[in-house]
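Take a look at the structure below.
The values are calculated or read from the model by the stated rules, or taken from the named source; none is laboratory data. Computed from a predicted structure; not experimentally measured. Here Cβ is always computed from backbone atoms with ideal geometry, including for glycine, and neighbour counts include all displayed protein chains. For the accessible areas, the whole protein counts, side chains as well, though only heavy atoms, and no ligand, DNA or RNA atoms are used. Shrake-Rupley method; radii C 1.70, N 1.55, O 1.52, S 1.80 Å.
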Amino acid sequence: VLFRSIVYRAQDLKLQRPVALKLLPTELTADAERRKRFIFEARAAARINHPAIAQVFDVDEEHGTFFIAMEMVEGKTVRDLIASGQLDLLGAIEIALQVSAGLAKAHAAGIVHRDIKPANVIQTAEGHVKILDFGLAKFRAEEGLTSAIARGIQDLSTLTQTQIGIVKGTPAYMSPEQVKGEAIGAGSDLFSLGVMLFEMATGKLPFDRATPTEIMHAIMFDKTPAIHTFRPTLPGELQRIVARCLKKNPADRYPDARALIEDLR
């Protein structure tokens, strides 16, 4: 079971600016592992400086309550945009482009988000996109990371590693490897983004089933439906892009977010 943090609108009295305060639920403050994960979320997000990722200002504890102070993002979630029918094809592609750029930056820093979904992406009135909620974020150890990041991984990995066989994420947007509780990499985020792009373009989920168990089974074993099934007028190139994102085998997906950006452009 995943507990959700609570987010409040607040005012930074020192700098006189609005911020969002994300609190660890009270019932979890006695859980050392959850406290460490909460602090890790702030550290993970703070390591990434990109316009498409909500900025973290501070992480602290006050009278036993742990919190993150972050950028206050005004706008609508992509989930709301889909539900209200406000997205056209170009709008969906633009959101996917901005999310891909943010993920490219995160992945280059050795961070996998693990919960990319419409509810975790906000679009401002100016059209800027922000990725929220690194609560499930995880460092991945790979060659080529800077020594500073490598040290960060060494410091934090023991606090945040997900045990094999433990499933964390939102079922409809999970990758097959995430469903199976296996170790995941950047390709898992690209699968989730593929699901999101499918939904933005068609208004439907590719693996929509009655229960979470059925959804996860479909993600692992069922053939991915073509976007033309729901909207016959969508371009074939978009079908190719979405289909590649949603390959069951991570090795068959885009090698990285930058390659996805090239095709989206």
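Just to be sure before I move on: is VAL19 open to solvent by less than 30 Å² (accessible area, probe 1.4 Å), under 20 Å from THR170 (Cα atoms) and among the hydrophobic types (A, V, I, L, M, F, W, C) in the structure I sent?
Numbers: open to solvent by less than 30 Å² (accessible area, probe 1.4 Å): yes; under 20 Å from THR170 (Cα atoms): no; among the hydrophobic types (A, V, I, L, M, F, W, C): yes.
No, not satisfied.
Quick check on the stretch 28-44. Is at least one of its residues in contact with a strand residue (DSSP E or B) (Cβ under 8 Å, 6 or more places away or on another chain), open to solvent by less than 50 Å² (accessible area, probe 1.4 Å) and modelled with pLDDT of 85 or more? Lay out the reasoning, then the answer.
First, pick out the residues of the stretch 28-44 that are in contact with a strand residue (DSSP E or B) (Cβ under 8 Å, 6 or more places away or on another chain): 29, 35, 38-39, 41-44.
Right, trim to open to solvent by less than 50 Å² (accessible area, probe 1.4 Å) and you get 29, 38-39, 41-42, 44.
The next check asks that each one be modelled with pLDDT of 85 or more; those that pass are none.
Scanning the stretch 28-44 turns up no residue that is in contact with a strand residue (DSSP E or B) (Cβ under 8 Å, 6 or more places away or on another chain), open to solvent by less than 50 Å² (accessible area, probe 1.4 Å) and modelled with pLDDT of 85 or more.
Please go through the stretch 252-265 and give me each residue that is in contact (Cβ under 8 Å) with a residue 12 or more places away in the chain and open to solvent by less than 90 Å² (accessible area, probe 1.4 Å), ordered by number.
Let us first name the residues in the stretch 252-265 that are in contact (Cβ under 8 Å) with a residue 12 or more places away in the chain, namely 253-254, 256-258, 260-261, 263-265.
The answer is ARG253, TYR254, ASP256, ALA257, LEU260, ILE261, ASP263, LEU264.
Looking at the stretch 215-247, which of the residues that are over 19 Å from the mean Cα position of the chain (by Cα) and over 22 Å from ASP88 (Cβ atoms) is least open to solvent (accessible area, probe 1.4 Å)?
Among them, the one singled out is ALA218.
Would it be correct to say that LEU190 is under 17 Å from the mean Cα position of the chain (by Cα) and not aromatic (Phe, Trp, Tyr)?
Working: under 17 Å from the mean Cα position of the chain (by Cα): yes; not aromatic (Phe, Trp, Tyr): yes.
So LEU190 fits the description; yes.
So which residues in the stretch 165-210 are free of Cβ contacts under 8 Å to residues at least 40 places away in the same chain, within 21 Å of ALA83 (Cβ to Cβ) and open to solvent by 30 Å² or more (accessible area, probe 1.4 Å)?
LYS204, LEU205, ASP208, ARG209, ALA210
Among the residues of the stretch 73-80, is there at least one that is in contact with a Leu (Cβ under 9 Å, 6 or more places away or on another chain) and at pLDDT below 95? Show your work before the answer.
The first filter runs over the stretch 73-80 and keeps only residues in contact with a Leu (Cβ under 9 Å, 6 or more places away or on another chain), leaving 73, 77-78.
This time we only want the ones that are at pLDDT below 95, so: 73.
The answer is yes, given that some residue of the stretch 73-80 is in contact with a Leu (Cβ under 9 Å, 6 or more places away or on another chain) and at pLDDT below 95.
Could you tell me whether ASP58 is open to solvent by 50 Å² or more (accessible area, probe 1.4 Å), acidic (Asp, Glu) and at pLDDT 90 or above? Explain how you work it out, then say what you get.
Working: open to solvent by 50 Å² or more (accessible area, probe 1.4 Å): yes; acidic (Asp, Glu): yes; at pLDDT 90 or above: no.
So ASP58 does not fit the description; no.
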